[in-house]
Amino acid sequence: MSVVSNARWIAASQAAKVALQLVSVAVLARLLTPHDYGLIAMVFVVGNLASLLRDMGTAAAIVQDPHLTEDTKNAVFWINIGVGVFLCIALLALSGVIANLYRNDAVMPLLWALAPSFAITSIGAVPRALLERQSAFAVVARIEIGTAVLGLLVAIAAAWLGAGAISFIYGSLAMALVSSVAYLKCSHWRPGRIGSTRHLKRLLAFSGHLSAFDFINYFARNADSFVIGRYLGAASLGVYTNAYKVMLFPLQNMTWVANRALYPVMCRQESTEQQRSLYLKSVATIAMLTAPLMAGVFVLRQPFVDVFLGPRWHEAASVLQWLAPIGFVQSIVSTTGTVSMVKGRTDILLRVGALVAVLQVSAFVIGVQWGIVGVAVCYLIANLCGAIPALLVALRQLNAGFSALIGEIWAPVAAALLMGVAVWETERLVDGLADPARLAIGIGVGAIVYSALLFLFAPRKVQLIFTLVPSWRRH
């Protein structure tokens, strides 16, 4: 399958996830308190770390390995199972220590409930990697969308019944169980006995650097939650987390899924020129989607928060003001890791990741002195500083210059900025209307202006968007 075919299913999966995320925030923000959100953010800081350790980069190695054997598949499957069970037991044993670090005993029972998910999800890691290796993203998208809907329904039901913060974990457990079973069934592969491991050493060398990068990247992306939770408390962390979810989670999810679709196709390309063409085209498509979204949220942040979150989350709008540009920067920079993985240079990826991690963690420690808005401001500065070396390293591996990247993204960026000005002026004219009306009018004006400008600046690039509409026929 081509990258365009993969991208169609990326678009379907991502659109569904963004919609579900918005529904989740809009509904659960009215059933749960900022304190509940703060508690679950503390728990998922630990949960995200355990997820990284569970996979150890082996899924990406399976996709990249040109000489994958049945023995290697079996070995990786049972290694993942062992790591998943170990993490489950470790999380149960260390829950008290983690609660003490946060100075909050309410974290402990949430960690107990989350622990089994790591053993459960390890079952589906290799089957999912095999589906992605085959570019079977039609199947992967159906599973992701179906389990996301299930997880959301379970979480909402639990919150409605008064379960509190643990509602999120009930949803996560439901998703973990159903997705693992679905991946195993749809991959048509069954684990067997571990035989020869002579190819395993090469695979583990690749995944070792990648796993170390993921580990460092985890700290860079989650240190803000730890710092805010420890020094500003659960309520402040709840406000910051909801703003972060509204803005950055959908974008990070978009680029993560896009990279998954691009990665197996780039791995099968024989020349750097072909890889460069695929990469730049993918970045252009991402920019066309994220630039207007970020500009729109920046301008419409206040009515957006009031409509989707409610009046008690008013402070989140001030955080969104700074997270919006971060969202666009990260949507572009997040693609650079794919290049190093395709080239087999996960050692370079590790070095760049370490530099970015130092910048971001330093930003959180400095910014917390001025509250959650200070954290967001310093986070933006760190992202801008880290973006330059990350992009330069990726482009150099593809024998491309910075001008090639600018040539692909200038049109959507310019159109999004002009759209933002138009929406800003519209906001001033309709300032006296109710928030839902202001939001609807702003979105409508933004969509019309951005579409017209993009057709004017880059009509050929617009065709890329239409190729992303998937056919839901069986593949």
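Computed from the coordinates by the stated procedures, all read-outs in this text should not be read as laboratory data. All values derive from a computational prediction rather than experimental measurement. We place every Cβ from the backbone using ideal geometry, glycine too, and count neighbours over all the protein chains shown.
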- [ ] Take the alpha carbon atoms of region 373-415, find their center, do the same for region 277-297, and report the distance between the two centers in whole angstrom.
- [x] 12 Å
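Once you have a ≥ b ≥ c as the square roots of the Cα gyration tensor eigenvalues for region 77-165, tell me rounded if a/c is under 1.5, and otherwise prolate or oblate according to whether a/b is larger than b/c. Walk me through the numbers on the way to the answer.
Numbers: a/c = 3.46, a/b = 1.39, b/c = 2.50.
Oblate shape, in that a/c is at least 1.5 and b/c is the bigger or equal ratio.
Calculate how large, on average over all directions, the projected area of the Cα convex hull of region 114-192 is; give the answer in nm² to one decimal. All intermediate terms of the calculation are to be shown ahead of the outcome.
On the way: hull surface 20.9 nm².
Average of the hull's projected areas for region 114-192 equals 5.2 nm².
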Open item on the list: Output wanted: per-residue J couplings in Hz (rounded whole) for region 303-315, from phi through Karplus 6.51 cos²θ - 1.76 cosθ + 1.60, θ = phi - 60°, x for Gly and Pro.
Closed with: x, 4, 5, 5, 6, 8, 9, x, x, 6, 9, 4, 5
TODO: Using DSSP to define loop residues, name the trypsin sites (Lys or Arg not before Pro) in region 94-174 whose beta-carbon has at most 14 other beta-carbon atoms within 10 Å.
DONE: R103
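Compute and list, largest first, the equivalent-ellipsoid semi-axes of region 3-466 from the alpha carbon gyration tensor, each √(5λ) rounded to a whole angstrom. Show your work: numbers first, answer last.
Values: eigenvalues 218, 171, 86 Å².
Equivalent-ellipsoid dimensions as semi-axes: 33, 29, 21 Å.
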